[in-house]
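Working notes, beginning with the structure itself.
The values are calculated or read from the model by the stated rules, or taken from the named source; none is laboratory data. On a predicted model such as this, the values are computed, not experimentally measured, just so you know. Methodologically, a virtual Cβ is constructed for each residue, glycine included, from the backbone with ideal geometry; neighbour enumeration extends over all protein chains shown.
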Amino acid sequence: MSNAFEKFQTGLQKVVGPFANKVGSSKYIKALTEGFMCTMPITLGVAAIAVLSNLPIAPWVSFLKSTGLYQTGQDVVALTLSLIAIYVVGAIGYCFTRDLKENGIVGAIIATASFIVLIPIQTFNTKAGAVTALGTKFMGSDGIFVAILIGLFIPRLYCYLMSKNLQLKLPDTVPPMVSKSLTPTFVSMIIFTMLFFVKYACTFTPYGNLFTMIATLIGQPITKLGASPLSLIIVYTAMNLVWFFGIHPNTILIPYMPVLMAAGTANTEAYLAGKTLPFYAFAIVSTCVYVGGSGNTLGLCLATLFAKSDKYKAMRKLVIPANIFNINEPVIFGFPLVLNPIYLLPMVLSSLVTGFIGWIAVGILPIQFNPTISMPWVTPGFVTAFFAGGIWLFLLWILCLLVHFIMYLPFFLIDDKNALEAEKANVATQVA
């Protein structure tokens, strides 16, 4: 049994190790990660407004609507969360350009401008005359994949052209601020000329514009495949597996982030428009596969309440408070769970079991899910579940926690018994 486990461990390390190193060292992945994180002040900044303006309490909703506060709150959410693509492209552009040792601000501005240039312009005739408008839907879920591509491609092209000495040369007497602004003039002319031809060429396609073409050919298939409940369960189960072997789950989560972002934005847009959430089941299952951090270790932490050994009596004072706030490094490395064969099965299978429970619950429980609710990652899961889905999602979260607790408990009792025996043996040795 031991030899088989060691062979499995060695084999997984050979497969996942190089992949993890490749992902961790990739400037493209790093720019994506940092770019998405840079948008968190927006998503978290409007969290309180989203929560308060969408609380499912009839008297409160009536008050907000009668005072006009409801519509204002919806407008704020719509102009932030529903336009997330335009913030993403600038953030990724900045991070990628900076990592390539060029001016990050210039990269962010050019990337954002490139994104806007490609957005279709629509003209409407009104009583006041013709009105020209940008299609805001392309700044939301329909634009996420274009935002990622533009945020990576345009800065890369900008840095490449800058490295070919295409900068505008100015005398040393020109103030540095002016010089830095004018240096990329030739490079910008090349980039926007290229965008002109791309935008023009797209008018000859059946799609009419780059956004519709990419959304149809790339974005929709990836999102439908990746944003299914089954895909989510598989991804989080794989995250638990690599975390068991000491490889941070972000190795798998980071490439999956565009799918999570696109699905979340699509749900937000549908919710604000009063439509059915396109990824409703996906959103509910996501609450069930991640309880207290990767590996769903909050259930294990609660199992320490039954500890008899001094080791785990002391550790529960540390791991339970931390895990409630989704910080599970103390239990991952403190027990440890990493490479601890006792906990392999419950750790890896936890997301699989409760993921399917959540998937089944979608067709049973009348959960009214609000995708506009966004809270910091350290917010206790039961708090997020209650505000996002009311009492039913809260109860479902509690059920998943209970299942994780039951899964971990027998394995913990074995570990605790071994620790207790070791402590007794140590005392006997000291007495002797």
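General remarks:
- Which listed residue, of F411, F387, F369, is in a helix (DSSP H, G or I) and either under 21 Å from the mean Cα position of the chain (by Cα) or at pLDDT 90 or above (or both): F387
- Any hit, the range 283-296, residues being of a type in the set (S, T, N, Q), on the phi > 0 side of the Ramachandran plot, within 19 Å of the chain's Cα centre (by Cα) and outside any helix (DSSP H, G or I): yes
- Meets criteria (more than 30 Å from L83 (Cα to Cα) and either among the β-branched types (V, I, T) or part of a loop (DSSP other than H, G, I, E, B) (or both)) for G274: no
- Residues in the range 314-329 include none that are among the acidic types (D, E), out of contact with any Pro (no Cβ under 9 Å at 6 or more places or on another chain), more than 15 Å from I406 (Cβ to Cβ) and at pLDDT 85 or above.
- In the range 331-357, the residues that are surrounded by fewer than 18 Cβ atoms within 10 Å (Cβ to Cβ) and part of a helix (DSSP H, G or I): F333, G334, P341, I342, L345, L349, L352, F356, I357
- Of residues in the range 134-152 being free of Cβ contacts under 8 Å to residues at least 60 places away in the same chain and part of a helix (DSSP H, G or I), the one nearest to Y87 (Cα to Cα): M139
- For the criterion of being touching a Cys at 6+ places or on another chain (Cβ under 7 Å) and over 12 Å from G292 (Cα atoms), L339 fails.
- Any hit, the range 312-326, residues being crowded, with 17+ Cβ neighbours inside 10 Å, in a helix (DSSP H, G or I), in contact (Cβ under 8 Å) with a residue 40 or more places away in the chain and in contact with an Asp or Glu (Cβ under 7 Å, 6 or more places away or on another chain): yes
- Any chance A361 is touching a residue at least 60 places away in the same chain (Cβ under 8 Å), in a helix (DSSP H, G or I), of a type outside the set (V, I, T) and closer than 22 Å to A50 by Cα: no
- Just one of the numbered conditions (1) exposed (fewer than 13 other Cβ atoms within 10 Å of the Cβ); (2) not in a helix (DSSP H, G or I) is not true of K65: (2).
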